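**Student:** Got a structure for you, questions after.
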Amino acid sequence: MSKIRTHILGYPRIGEQRELKKATELHWKGEIPKPALESVGKELRKHNWKKQAAAGIDLVSCNDFSFYDQVLDATCLFGNVPARFNWQGGKVGLETLFAIARGARETQGDCCGGSCGSGSAGFASEMTKWFDTNYHYIVPEFKADTAFKLSDSKVFDEFREAKTLGLNAKPVLIGPVTYLSLGKVQDPANPEFDRFELLDRLLPVYEEVIAKLADEGAEWIQIDEPVLALDLDARQKECFIESYGRLAKAAGSAKLLVATYFGELRDNLALFLGLPVAALHYDAVRGEAEADALLAAFPDDKILSLGIVDGRNIWKNHFDASLAVLKKAKAKLGAERLWVSASSSLLHTPVTLASEKKLDAEIKDWLAFADEKLVEIVALGKLLAGEGDEAELEANRASQKRRLESTRIHNPAVKARLAAVTPADSQRASAFPLRQRVQREKLGLPLFPTTTIGSFPQTAEVRAARAKWKKGALSDQDYDAFLKEETRKCVAWQDEIGIDMPVHGEFERNDMVEYFGEQLDGYAFSQFGWVQSYGSRCVKPPILFGDITRPRPMTVEWITYAQSLTNNPMKGMLTGPVTILNWSFVRDDQPRSVSCKQLALAIRDEVLDLEKAGVRVIQIDEAALREGLPLRKSQWKEYLDWAVESFRITANGVKDDTQIHTHMCYSEFNDIISAIADMDADVITIETSRSNMELLEAFVEFKYPNEIGPGVYDIHSPRIPTVAQMENLIQKASDVIPEGNLWVNPDCGLKTRGWEEVRPALINMVEAARKLRAAA
Ligand code: GLN
Ligand code: ZN
């Protein structure tokens, strides 16, 4: 029996207790010097490699570590530093790297945070989502005259570092086609410049890096090309052929592994299989349905790395199912040409279950975080090679069976209720024009009504009180009294400055998803299940494990209390089902659409309870609806259909005179505007102030029929907008939106801002609305 090789594409870098986050933020505050931060990084790498080796992983990775982001690391490696950071050439240091990510210190908060592209300020590079994950990368910037030069030694340093520990690590690089594809041309003189023309200038640096790594003794080099899971145009395909023809030659004694992940290859399959490299990595989790086609066409001269352990979710691997796929691959390729791996980098999973002391034992038994996935990969490799531990296989089977049969997961009443949903459940009684009329009568709002998106500042005081209460140092009663007082002050202040539709302020909420997850049955929470979101920021997604029910009302007490404090219509605040789903780890034993509709029914009950309690206006936030879009356009419709239906099930059971709001904080609506209109919310509030109302275009062109509140105050910036600025924005909006349909509100919630910013900004906002009202 010959052994099967195991490896991973990358390991989480943040540390078991978010050590990297803590050190990085201390460094930013000036509390620890650069060498101290660097040594935290070094310790983490060592610890991570040792864990991989101890688990029995054959080939550990290096350069998967980063102080901020792996795409930004590539930018530094290639010396592609935008001119505004005044980098003088030579080696790109951590200072410059952090400046690109966060803006140069002396100009922070200046200008517009980068979107205007003007001036000499060192504003940060743009950040955007890494494929369909919640990880964000720093967008590379290109110009017609961009030149590349090897300018950083990180990848070589890490390779040597691993070597001193006796490990011949596999350096990981972002591939050239992915790097160019993910970047953006920012060249006012040549806005139409085709960034793929830079390939010829970029490849020599890759050749140099690869040759150097080979010289240093690297046996394998991993090159990530996840764009292979996207729709590629002819130009990108040509770039693949050109790139890998050259890089394969540069590799010398080293061998190249090209990795794709996050989706099927479809029309890119032949291109992928034809790349002239020694090994190819494939995501067999997302690509499960395509795996047979891949195997049938797999060339005779290459190694296949099969990513069979899910790098994107937290469920224990189903060994029998995985072995079935692996055995087919082994039969075709032989043990020598098959490696076992995780589908993608483990960057997208929490570090270890070992730290979880409070997680329910039954649920913990179903889970695997990064460290447990290492063990699974090794176990699968051994079982496949016939050297496995049968007891381990039996234990896995037993655990799968427990999960399958658990009454914690399966609730027949929920399944029956979902099966009984009819189209009438997601349909308002009357069409919008009639609803608009009765709502106007009932609410009695002025022209250009003012409101906010929901949250008010989560001050240090609010967070401290919550922390104290969680530790048990503050009683339920005292915490409740504290929150009530915060809410009371907030409502009174909104009345005082003349906000037409107040909110309660969301002081009782730690997070817009966690708050609801904690009150729903079918959700579990980890203590340390952090995943990097961007830079030092991490999120701890709740775990949706079972059929969803709402044991009791979740927000009714807060909203009715807030309503009792004012005569103005209080807007009740809920998070929508699609957003809750997209910001959670979700079940792998049923389609996402089913989980989403279960959430929809639970929140529908909350909506109806609010209505029953006399709440006249209910906002259902769908901040994350857009980010759930599949990677391939051909799958958008299916997603949007069930996402919109879920929202409609949640919202549309109310009477005509109950006003439904929704909120979305995106910057792009063009391609989904008809789905948004299908949601049929009475009012939608969106982000637009940063784009000077340009984002409204999609709504105008579509002749969006319902009411709309284009944000007039950019809450992402600490600057306080003036009356004139906001008047100007409202004026612009009222040129294209019927006056009676227009609301006045900020871009998003105010929880990250301080009261000293929020107070003058909202006073100005109310004043701007009044002025326009007077002039109308
Ligand atoms: N109601 C939420 C808040 O105001 C909405 C946040 C969001 O859209 N991200 O904080
Ligand atoms: Zn928002």
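The values are calculated or read from the model by the stated rules, or taken from the named source; none is laboratory data. Remember, predicted model here, so these are calculated numbers, not experimental data. In this analysis, Cβ positions are derived from the backbone assuming ideal geometry, glycine residues included, and neighbour counts consider all displayed protein chains.
**Student:** Suppose we filter Asp747, Asp682, Asp678 for residues that are touching a Cys at 6+ places or on another chain (Cβ under 8 Å) and closer than 23 Å to Gln619 by Cα; which single one remains?
**Tutor:** Details: Asp682 fails: touching a Cys at 6+ places or on another chain (Cβ under 8 Å); Asp678 fails: touching a Cys at 6+ places or on another chain (Cβ under 8 Å).
Checking each option against the conditions leaves just Asp747.
To keep it simple, each residue is scored yes or no on (1) within 30 Å of Leu232 (Cβ to Cβ); (2) touching a Phe, Trp or Tyr at 6+ places or on another chain (Cβ under 8 Å).
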site: Lys633; (1), (2): yes, no
site: Glu638; (1), (2): yes, no
site: Trp642; (1), (2): yes, no
site: Asp657; (1), (2): no, no
site: Ala677; (1), (2): no, yes
site: Val683; (1), (2): no, yes
site: Glu701; (1), (2): yes, no
site: Val712; (1), (2): no, no
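**Student:** For segment 598-637, enumerate the residues that are within 16 Å of ligand 1 (Cβ to nearest atom) and either part of a strand (DSSP E or B) or touching a residue at least 60 places away in the same chain (Cβ under 8 Å) (or both).
**Tutor:** Residues of segment 598-637 within 16 Å of ligand 1 (Cβ to nearest atom): 603, 606-607, 610, 615, 617-628.
Ile603, Val617, Ile618, Gln619, Ile620, Asp621, Ala623, Glu627, Gly628, listed by residue number.
**Student:** Among residues belonging to segment 661-711 that are within 14 Å of ligand 1 (Cβ to nearest atom) and out of contact with any strand residue (DSSP E or B) (no Cβ under 6 Å at 6 or more places or on another chain), point out the one that is modelled with the lowest pLDDT.
**Tutor:** Result: Ser667.
**Student:** Out of curiosity, is Tyr534 within 16 Å of ligand 1 (Cβ to nearest atom), modelled with pLDDT under 95 and within 22 Å of Ile453 (Cβ to Cβ)? Write out each step before concluding.
**Tutor:** On the way: within 16 Å of ligand 1 (Cβ to nearest atom): yes; modelled with pLDDT under 95: yes; within 22 Å of Ile453 (Cβ to Cβ): yes.
Taking the combined requirement at face value, the residue satisfies it.
**Student:** Any idea which residue in segment 745-764 is modelled with the highest pLDDT, counting only those that are within 16 Å of ligand 2 (Cβ to nearest atom) and of a type in the set (Val, Ile, Thr)?
**Tutor:** Val758
**Student:** Can you name the number of the only condition in (1) without any contact (Cβ under 8 Å) to a residue 60 or more places away in the chain; (2) within 16 Å of ligand 1 (Cβ to nearest atom) that Leu750 fails?
**Tutor:** Condition (1) is where Leu750 drops out.
**Student:** Within segment 386-405, identify whether any single residue is closer than 19 Å to Ser526 by Cα and surrounded by 17 or more Cβ atoms within 10 Å (Cβ to Cβ), and answer yes or no. Outline the logic, then answer.
**Tutor:** Of the residues in segment 386-405, the ones closer than 19 Å to Ser526 by Cα are 403.
Applying the additional criterion that residues be surrounded by 17 or more Cβ atoms within 10 Å (Cβ to Cβ) yields 403.
Taking every residue of segment 386-405 in turn, at least one turns out to be closer than 19 Å to Ser526 by Cα and surrounded by 17 or more Cβ atoms within 10 Å (Cβ to Cβ).
**Student:** Right, next: Name the residue that is surrounded by the most Cβ atoms within 10 Å (Cβ to Cβ), counting only residues in segment 680-696 that are away from ligand 2 (no atom under 12 Å from the Cβ) and among the hydrophobic types (A, V, I, L, M, F, W, C).
**Tutor:** Of everything passing the filter in segment 680-696, Ala681 is surrounded by the most Cβ atoms within 10 Å (Cβ to Cβ).
**Student:** Ok, one more. Would you pick out the residues in segment 312-329 that are among the charged types (D, E, K, R) and surrounded by fewer than 20 Cβ atoms within 10 Å (Cβ to Cβ)?
**Tutor:** Matches in segment 312-329: Asp320, Lys327, Lys328.
**Student:** Continuing with the same structure: Among the aromatic types (Phe, Trp, Tyr), assigned to a loop (DSSP other than H, G, I, E, B) and within 23 Å of Trp130 (Cα to Cα): is that true of Phe262 in this structure?
**Tutor:** In short, yes.
**Student:** Something else now. Of the numbered conditions (1) more than 16 Å from ligand 2 (Cβ to nearest atom); (2) under 30 Å from the mean Cα position of the chain (by Cα); (3) assigned to a loop (DSSP other than H, G, I, E, B); (4) modelled with pLDDT of 95 or more, Val503 fails exactly one; give the number of that condition.
**Tutor:** (1)
**Student:** If you don't mind, there's one more thing I want to ask. Report every pair of residues separated by at least 6 positions or lying on different chains whose Cβ atoms are under 8 Å apart, first residue within segment 499-510 and away from ligand 1 (no atom under 11 Å from the Cβ), second part of a loop (DSSP other than H, G, I, E, B) and of a type in the set (A, V, I, L, M).
**Tutor:** So the pair list comes out as Asp500/Leu445; Met501/Leu445; Met501/Met570; Pro502/Met570.
**Student:** Modelled with pLDDT of 95 or more and at positive phi: which single residue out of Gly41, Gly56 fits that description?
**Tutor:** Numbers: Gly41 fails: at positive phi.
Matching residue, one of Gly41, Gly56: Gly56.
**Student:** If Val644 passes every condition in (1) away from ligand 2 (no atom under 16 Å from the Cβ); (2) under 19 Å from Leu520 (Cβ atoms) but one, which one does it miss?
**Tutor:** Checking Val644 against (1) away from ligand 2 (no atom under 16 Å from the Cβ); (2) under 19 Å from Leu520 (Cβ atoms), the one that fails is (2).
**Student:** Does segment 516-543 hold any residues that are of a type outside the set (A, V, I, L, M, F, W, C) and within 21 Å of Asp360 (Cβ to Cβ), and which are they? Explain how you work it out, then say what you get.
**Tutor:** First, pick out the residues of segment 516-543 that are of a type outside the set (A, V, I, L, M, F, W, C): 517-519, 521-523, 526-527, 529, 532-537, 540-542.
Once the filter is applied, which keeps residues that are of a type outside the set (A, V, I, L, M, F, W, C) and within 21 Å of Asp360 (Cβ to Cβ), segment 516-543 yields Gly517, Glu518, Gln519, Asp521, Gly522, Tyr523, Ser526, Gln527, Gly529, Lys540, Pro541, Pro542.
**Student:** In segment 437-485, what residues are in a loop (DSSP other than H, G, I, E, B), within 16 Å of ligand 2 (Cβ to nearest atom) and not aliphatic (A, V, I, L, M)? Please lay out each step first, then the result.
**Tutor:** Applying the first criterion (in a loop (DSSP other than H, G, I, E, B)) to segment 437-485 yields 444-449, 452-454, 456-459, 472-475.
Narrowing further to those that are within 16 Å of ligand 2 (Cβ to nearest atom): 452-454, 456-458.
If the condition is that a residue be in a loop (DSSP other than H, G, I, E, B), within 16 Å of ligand 2 (Cβ to nearest atom) and not aliphatic (A, V, I, L, M), then Thr452, Gly454, Phe456, Pro457, Gln458 are the ones that fit.
**Student:** When you look at Leu380, is it touching a strand residue (DSSP E or B) at 6+ places or on another chain (Cβ under 9 Å) and part of a loop (DSSP other than H, G, I, E, B), yes or no? Full working, then the answer.
**Tutor:** Details: touching a strand residue (DSSP E or B) at 6+ places or on another chain (Cβ under 9 Å): yes; part of a loop (DSSP other than H, G, I, E, B): no.
Considered against the rule, which asks whether it is touching a strand residue (DSSP E or B) at 6+ places or on another chain (Cβ under 9 Å) and part of a loop (DSSP other than H, G, I, E, B), Leu380 comes out as no.
**Student:** Please indicate, with yes or no, whether at least one residue in segment 557-566 is outside any helix (DSSP H, G or I), within 16 Å of ligand 2 (Cβ to nearest atom) and touching a residue at least 60 places away in the same chain (Cβ under 8 Å). If you could, list the steps in order and put the result at the bottom.
**Tutor:** Let us first name the residues in segment 557-566 that are outside any helix (DSSP H, G or I), namely 564-566.
Next, from what is left, pick out any that are within 16 Å of ligand 2 (Cβ to nearest atom): none.
No: zero hits.
**Student:** Filter segment 432-480 for residues that are in contact (Cβ under 8 Å) with a residue 60 or more places away in the chain and among the β-branched types (Val, Ile, Thr) and give the result.
**Tutor:** Within segment 432-480, Val438, Thr450, Thr451, Thr452, Ile453, Thr459 meet the criteria.
**Student:** Can you say whether Pro33 is buried (at least 18 other Cβ atoms within 10 Å of the Cβ) and either on the phi > 0 side of the Ramachandran plot or at pLDDT 95 or above (or both), as far as the supplied structure shows?
**Tutor:** Values: buried (at least 18 other Cβ atoms within 10 Å of the Cβ): no; either on the phi > 0 side of the Ramachandran plot or at pLDDT 95 or above (or both): yes.
Considered against the rule, which asks whether it is buried (at least 18 other Cβ atoms within 10 Å of the Cβ) and either on the phi > 0 side of the Ramachandran plot or at pLDDT 95 or above (or both), Pro33 comes out as no.
**Student:** Something else: Could you tell me how many of the residues in segment 731-743 are touching a residue at least 24 places away in the same chain (Cβ under 8 Å) and either more than 31 Å from the chain's Cα centre (by Cα) or within 16 Å of ligand 2 (Cβ to nearest atom) (or both)?
**Tutor:** Just the residues of segment 731-743 that are touching a residue at least 24 places away in the same chain (Cβ under 8 Å), to begin with: 731-734, 736-737, 739-743.
Still in the list and also either more than 31 Å from the chain's Cα centre (by Cα) or within 16 Å of ligand 2 (Cβ to nearest atom) (or both): 731-732, 734, 736-737, 739-741, 743.
Number satisfying all stated conditions: 9.
**Student:** Let me ask something else about it. Tally the residues that are under 14 Å from Leu326 (Cβ atoms) and either polar (S, T, N, Q) or without any contact (Cβ under 8 Å) to a residue 24 or more places away in the chain (or both), restricting the search to segment 382-395.
**Tutor:** So the answer is 1.
**Student:** Residue check: is Ala53 under 25 Å from Ala101 (Cα atoms) and among the small types (Gly, Ala, Ser)?
**Tutor:** Numbers: under 25 Å from Ala101 (Cα atoms): no; among the small types (Gly, Ala, Ser): yes.
So Ala53 fails the test.
**Student:** From the list Ala429, Ala370, pick out the single residue that is in contact with a helix residue (DSSP H, G or I) (Cβ under 6 Å, 6 or more places away or on another chain), small (Gly, Ala, Ser) and in contact (Cβ under 8 Å) with a residue 60 or more places away in the chain.
**Tutor:** On the way: Ala429 fails: in contact with a helix residue (DSSP H, G or I) (Cβ under 6 Å, 6 or more places away or on another chain).
Of the residues listed, the single one that is in contact with a helix residue (DSSP H, G or I) (Cβ under 6 Å, 6 or more places away or on another chain), small (Gly, Ala, Ser) and in contact (Cβ under 8 Å) with a residue 60 or more places away in the chain is Ala370.
**Student:** Now, a different point. Tell me which residues, restricted to segment 206-260, are under 21 Å from Ile303 (Cβ atoms) and within 26 Å of the chain's Cα centre (by Cα).
**Tutor:** Across segment 206-260, the qualifying residues are Gln222, Ile223, Asp224, Glu225, Pro226, Leu228, Ala229, Val258, Ala259, Thr260.
**Student:** Still on this structure, please answer the following. Say whether the condition of being surrounded by fewer than 18 Cβ atoms within 10 Å (Cβ to Cβ) and within 24 Å of Gly749 (Cβ to Cβ) is met by at least one residue in segment 653-660.
**Tutor:** no
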